[in-house]
Amino acid sequence: MEAPQHSGSSYIVIDAERCKGCHLCVSVCPKGIIAPASYTNQKGYILAEVIAAKAQECTGCTACALICPDAAISVYRHSRVLSPAAR
Amino acid sequence: MTLDTPELDTVLYHKPEALEDYPFHFCPGCGHGIVFRLIAEVIDELKIKERAVCVASIGCTVTSYHYFNFDGLESAHGRAPAVATAIKRCRPNLVPFTYQGDGDLAAIGTAEIVHACARGENITTIFANNAIYGMTGGQMAPTTLLGMYSTSTPGGRQPSRAGYPIRVCEMLSTLDGPAYVARVSVHNPAAVRKAKQAIKLAFRAQLANLGMSLVEVLSPCPTNWRVEPVKAMDWLVEHLLPQYPLGEYKVIPAVADLKKESRRA
Ligand SMILES: Cc1ncc(C[n+]2csc(CCOP(=O)(O)OP(=O)(O)O)c2C)c(N)n1
Ligand code: SF4
Ligand code: SF4
Ligand code: SF4
Ligand SMILES: [Mg+2]
């Protein structure tokens, strides 16, 4: 099964050990696809995570990465072309 | 099943090369992290990692050497512009820049920044204004707003006791020396993009030997403002922006030409 975050055009990766749980990314994502997680990282910060059900809506706009004070977010666009069936 | 394949995919954003992997120690939501990231991005894009020197000041960013993956030097409180001056005059091929807070630049270091600007010294200053002494526990800075709480103005800053806030860009732009003086902010992604453009132009002005360039960045300090990071951005918009209007306060014609060049490119 295709992981949900890979069915859209773009996706983000959050570095869990850099993230400090400020949730500025949550507040700026125009698609509302990032949310506070239900767990913490090793430092005890409540991470930001991608909501699996909304992940495919990521447009790769980079707003989350631009506001992240901890350089914890990478944004990628899929280079492969998915066949309609694979979507 | 397809896994993350970042090495195969197009990178739209990634932590800049000029930043070490070492994580920032700043509080959650601190604006210094955003500004450090932007400086590192600009240094990557201008390909000056081998020539850049961060002259750190005293404040929450004093340990910048942990984070920047290029040379750096510590300076005594407020003296960063003097140290950067020496670096530039002795080794003109280096690209020194100072990173200073508002306590550092606008209180103890007022004389240094005024005279570096008056001399038109060919250095760059990134001035992070969070309207407070962050590192030492939230005392009043010269930039603290009237009525604003700080640990040394517990009833709010009163002009009869503590004077009025200093507008650094407005003040320095009256001098003939600076080539570029601008105030930007990092309260949302659009503002962050503009802040990066200003920082890049400031470094390009130095690379073109045009003289002193200074970018003031309005930057949140959620810890000492005593608000959560997201609310700190709203607080910045509501309170700091009216007192410290964004914009370019001084752009000499040669810098304006640089700007046009980048638009054409
Ligand atoms: C000579 C001297 N005086 C005072 C101090 C105490 N001190 C350390 S940081 C600081 C102010 C820092 O404020 P700012 O420059 O605004 O930096 P921020 O932490 O807000 O980024 C002061 C007064 C010092 N270290 N050295
Ligand atoms: S903006 Fe960065 S540090 Fe803050 S919650 Fe999002 S990923 Fe974490
Ligand atoms: S890149 Fe844009 S759409 Fe995707 S998660 Fe970040 S802010 Fe949201
Ligand atoms: S005290 Fe303020 S300026 Fe210092 S690291 Fe914390 S949020 Fe940033
Ligand atoms: Mg400060």
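The values are calculated or read from the model by the stated rules, or taken from the named source; none is laboratory data. Model, not experiment: these values are computed from the prediction. Neighbour counts run over all protein chains shown; Cβ positions are idealised from the backbone, glycine included. Remember, those area values only see protein heavy atoms, side chains included, never the ligands or the DNA or RNA. Shrake-Rupley method; radii C 1.70, N 1.55, O 1.52, S 1.80 Å.
What to note about this one:
- In segment A:17-35, the residue that is most open to solvent (accessible area, probe 1.4 Å) out of those that are near ligand 2 (Cβ under 6 Å from one of its atoms) and assigned to a loop (DSSP other than H, G, I, E, B) is A:H23.
- Enumerated strands (runs of 3 or more DSSP E) restricted to segment B:1-87, each holding at least 1 residues that are more than 14 Å from chain A (Cβ to nearest Cβ), within 19 Å of the chain's Cα centre (by Cα) and free of Cβ contacts under 8 Å to residues at least 60 places away in the same chain: B:52-56, B:71-74
- Under the condition of being more than 7 Å from chain B (Cβ to nearest Cβ), surrounded by 18 or more Cβ atoms within 10 Å (Cβ to Cβ) and β-branched (V, I, T), the residues counted in segment A:48-72 number 1.
- Subset of segment B:165-190 (residues that are within 20 Å of B:R119 (Cβ to Cβ), among the β-branched types (V, I, T) and assigned to a strand (DSSP E or B)): B:V181
- The set of residues from segment B:27-52 being open to solvent by less than 10 Å² (accessible area, probe 1.4 Å) and hydrophobic (A, V, I, L, M, F, W, C) comprises B:I34, B:V35, B:F36, B:L38, B:I39, B:A40, B:V42, B:I43, B:I48, B:A52.
- Qualifying position, being among the hydroxyl-bearing types (S, T, Y) and either under 23 Å from B:H66 (Cβ atoms) or open to solvent by less than 20 Å² (accessible area, probe 1.4 Å) (or both), among A:Y45, A:Y39: A:Y45
- Test: residue in segment B:22-35 that is away from ligand 1 (no atom under 16 Å from the Cβ) and under 30 Å from B:V227 (Cβ atoms): yes
- Within segment B:193-215, the residues that satisfy the criterion of being outside any helix (DSSP H, G or I) and surrounded by 20 or more Cβ atoms within 10 Å (Cβ to Cβ) are B:L210, B:G211, B:M212, B:S213, B:L214, B:V215.
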